[in-house]
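Student: Pasting a structure here, questions to come.
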């Protein structure tokens, strides 16, 4: 069959398919639908067949280019994903996120160890020998921390007394979530980057708490952090876990290629990163609007803080057990 | 072959071609996006601080959202194109040709933090130049590629001419060459067209001036406009 005859025979089909693609691609629909939806895959397969024929019969580049573009657009429409967001979100919160963490519990405990062990060591060390705090922080930062938790400051955890709750909320969002994203991304550097950030965060936090305890203000700092500590510390550990997963997939891809192992690990890690993001939003909220409230008797703060730790521990251990998540595994 | 074409095997059993976008185009698109982000943040920073502590808080949140989620929003919800990419005519797709969705956009944008190290996207550039599909580290992890929305078309319409059958027997490759030549005549200068066709004067056994019409006649015949 000559090219001209070929074009004349099938031109109508290609134009119809083109119209249908345009119709499906736009959200605003003023015109009626060119064809029934169940006809679309059939016509698309035909167009692909015509493309293969055109190549095989060495038809001209212009025709092949036209059919290639048509097939690419149809391919994009046919294989795109559509997600129902509210349902998706609930499934994520109650099933996907905790299950994914349980699947990678080994990495998580490693990340948690890299965060908490240096924290504990530094806390003890600085409490015993306070000059050690200057090995991780400079003078002005130490002064700031001292001022935040000293008996003279009117509000807990604020650098300037006049800083409003909402301003601190914005600051925590900007600061903490960016840090968590970096901790995760640094996992690409064979996991070493994430390890470094976890240890660094642990050491700095341990030093600060140790120093404030040494200064005698332990009541003020502990009542401040206990509220949001569960969400924030676990979120940093989980984001470190996600980074380690990335790095590990490159080092030990198992029986697949490194690229495929990385893609699969990144996919899994993203579930954890979404969860980290939500946890840090909650932590910022608590830190800005609850933790800084000065109370006569801090017992209720400790009760709330302790309960949050318990709730999160139960959530990650048990939520979604036995259910199939969004993707059925 | 040294080109920027990526082939995709589809379930329909046909091979599709996508044109990959190189580092330079992507860098220009990124610069445009960077400028837009700075512009947005600057305009908010102009008036929000007037609202005191509350304004500062809102500014910090807006800063965070714009900085981290600009790319993710546009790539996931606007057909893989940020404004900068749209200006350069490129878009992000998965490496099987399907449109990119939230998890892909999220992964590749978060990993920008690593691509930017140690300075000015060096790791990203090295990664792009090290694999066949110009993927930076974020693309490798997310399984995405950046392609041109419309691949370059070097073929125009064949000029209409009275068709007549080739005097000699042409193999399929030679027929393709004649048709391709005819399609490109509208894109090349007249002198160049004449120069290319004149090479065949001894084979076609005509005067040099007659070569172009001869070849166009053959092209019309081969394509079937008889």
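Student: Could you tell me whether residue B:109 is at the interface with chain A (Cβ under 10 Å from one of its Cβ atoms), modelled with pLDDT of 90 or more and either part of a helix (DSSP H, G or I) or under 26 Å from the mean Cα position of the chain (by Cα) (or both)? Give the derivation first.
Tutor: On the way: at the interface with chain A (Cβ under 10 Å from one of its Cβ atoms): yes; modelled with pLDDT of 90 or more: yes; either part of a helix (DSSP H, G or I) or under 26 Å from the mean Cα position of the chain (by Cα) (or both): yes.
Answer is yes for this residue.
Student: Another question about this same structure. Select from the range B:112-148 the residues that are touching a strand residue (DSSP E or B) at 6+ places or on another chain (Cβ under 9 Å) and in a helix (DSSP H, G or I) and list them in ascending order.
Tutor: B:138, B:139, B:142
Student: Against the condition out of contact with any strand residue (DSSP E or B) (no Cβ under 8 Å at 6 or more places or on another chain), under 30 Å from residue B:130 (Cβ atoms), surrounded by fewer than 18 Cβ atoms within 10 Å (Cβ to Cβ) and within 14 Å of chain A (Cβ to nearest Cβ), how does residue B:11 come out, does it pass?
Tutor: Details: out of contact with any strand residue (DSSP E or B) (no Cβ under 8 Å at 6 or more places or on another chain): yes; under 30 Å from residue B:130 (Cβ atoms): yes; surrounded by fewer than 18 Cβ atoms within 10 Å (Cβ to Cβ): yes; within 14 Å of chain A (Cβ to nearest Cβ): yes.
Yes, satisfied.
Student: Hey, another quick one. For the range A:251-282, which positions are more than 10 Å from chain B (Cβ to nearest Cβ) and farther than 18 Å from residue A:99 by Cβ?
Tutor: Going residue by residue through the range A:251-282, those that are more than 10 Å from chain B (Cβ to nearest Cβ) are A:251-257, A:261, A:268, A:272, A:275-276, A:278-282.
Hits for the range A:251-282 are A:251, A:252, A:253, A:254, A:255, A:256, A:257, A:261, A:280, A:281, A:282.
Student: While we're here: Please go through the range A:22-65 and pick out each residue that is facing chain B (nearest Cβ under 8 Å) and more than 30 Å from residue B:181 (Cβ to Cβ).
Tutor: Matches in the range A:22-65: A:44, A:45.
Student: How about the range B:154-177: which of its residues are in a loop (DSSP other than H, G, I, E, B) and exposed (fewer than 14 other Cβ atoms within 10 Å of the Cβ)?
Tutor: Within the range B:154-177, the first condition is being in a loop (DSSP other than H, G, I, E, B), and the residues that meet it are B:154-171.
Result: B:154, B:157, B:160, B:162, B:164, B:165, B:167, B:168, B:169, B:171.
Student: Within the range A:309-326, can one find any residue that is within 13 Å of chain B (Cβ to nearest Cβ) and either in contact (Cβ under 8 Å) with a residue 12 or more places away in the chain or surrounded by 17 or more Cβ atoms within 10 Å (Cβ to Cβ) (or both)? Break it down into steps so the answer makes sense when it comes.
Tutor: Going residue by residue through the range A:309-326, those that are within 13 Å of chain B (Cβ to nearest Cβ) are A:326.
With the extra rule that they be either in contact (Cβ under 8 Å) with a residue 12 or more places away in the chain or surrounded by 17 or more Cβ atoms within 10 Å (Cβ to Cβ) (or both), the set shrinks to A:326.
Yes, there is a match, as at least one residue in the range A:309-326 is within 13 Å of chain B (Cβ to nearest Cβ) and either in contact (Cβ under 8 Å) with a residue 12 or more places away in the chain or surrounded by 17 or more Cβ atoms within 10 Å (Cβ to Cβ) (or both).
Student: If you don't mind, there's one more thing I want to ask. Looking only at residues that are out of contact with any helix residue (DSSP H, G or I) (no Cβ under 8 Å at 6 or more places or on another chain) and at pLDDT 90 or above in the range A:101-155, which one is farthest from residue A:242 (Cα to Cα)?
Tutor: Looking at residues that are out of contact with any helix residue (DSSP H, G or I) (no Cβ under 8 Å at 6 or more places or on another chain) and at pLDDT 90 or above, I get A:113.
Student: Condition test on residue A:158, is it within 14 Å of chain B (Cβ to nearest Cβ), more than 30 Å from residue B:138 (Cβ to Cβ) and either modelled with pLDDT under 80 or in a helix (DSSP H, G or I) (or both)?
Tutor: Working: within 14 Å of chain B (Cβ to nearest Cβ): yes; more than 30 Å from residue B:138 (Cβ to Cβ): yes; either modelled with pLDDT under 80 or in a helix (DSSP H, G or I) (or both): yes.
So residue A:158 passes the test.
Student: Those residues that are closer than 25 Å to residue A:146 by Cβ and without any contact (Cβ under 8 Å) to a residue 40 or more places away in the chain, I need them from the range A:172-199; list them, please.
Tutor: Within the range A:172-199, A:174, A:175 meet the criteria.
Student: Then there is this: Those residues that are more than 9 Å from chain A (Cβ to nearest Cβ) and either farther than 16 Å from residue B:213 by Cβ or under 25 Å from the mean Cα position of the chain (by Cα) (or both), I need them from the range B:153-183; list them, please. Reasoning before the result, please.
Tutor: Narrowing the range B:153-183 to residues more than 9 Å from chain A (Cβ to nearest Cβ): B:159-171, B:174, B:177-178, B:181.
Residues satisfying the conditions are B:168, B:169, B:170, B:171, B:174, B:177, B:181.
Student: Next up: Hey, which of the helices (runs of 4 or more DSSP H) in the range A:64-137, taking only ones fully inside, have at least 3 residues that are without any contact (Cβ under 8 Å) to a residue 60 or more places away in the chain?
Tutor: Numbers: elements: A:85-91, A:97-103, A:105-128.
Answer list for the range A:64-137: A:85-91, A:105-128.
Student: Right, something else. Which condition from (1) more than 7 Å from chain A (Cβ to nearest Cβ); (2) exposed (fewer than 14 other Cβ atoms within 10 Å of the Cβ); (3) out of contact with any helix residue (DSSP H, G or I) (no Cβ under 6 Å at 6 or more places or on another chain) is the one that residue B:96 breaks?
Tutor: Failing condition for residue B:96: (2).
Student: Determine which member of the set A:197, A:231 is within 14 Å of another protein chain (Cβ to nearest Cβ) and farther than 25 Å from residue B:133 by Cβ. It would help to see each step written out before you state the result.
Tutor: Numbers: A:231 fails: within 14 Å of another protein chain (Cβ to nearest Cβ).
Going through A:197, A:231 in turn, just one is within 14 Å of another protein chain (Cβ to nearest Cβ) and farther than 25 Å from residue B:133 by Cβ: A:197.
Student: Same structure, new question: Kindly evaluate residue A:183 against the criterion of being outside any loop (DSSP other than H, G, I, E, B), away from chain B (no Cβ under 12 Å) and modelled with pLDDT of 80 or more. Write out each step before concluding.
Tutor: Values: outside any loop (DSSP other than H, G, I, E, B): yes; away from chain B (no Cβ under 12 Å): no; modelled with pLDDT of 80 or more: yes.
No, not satisfied.
The values are calculated or read from the model by the stated rules, or taken from the named source; none is laboratory data. Model, not experiment: these values are computed from the prediction. Note that each Cβ is placed from the backbone with ideal geometry, even for glycine, and that neighbours are counted across all protein chains shown.
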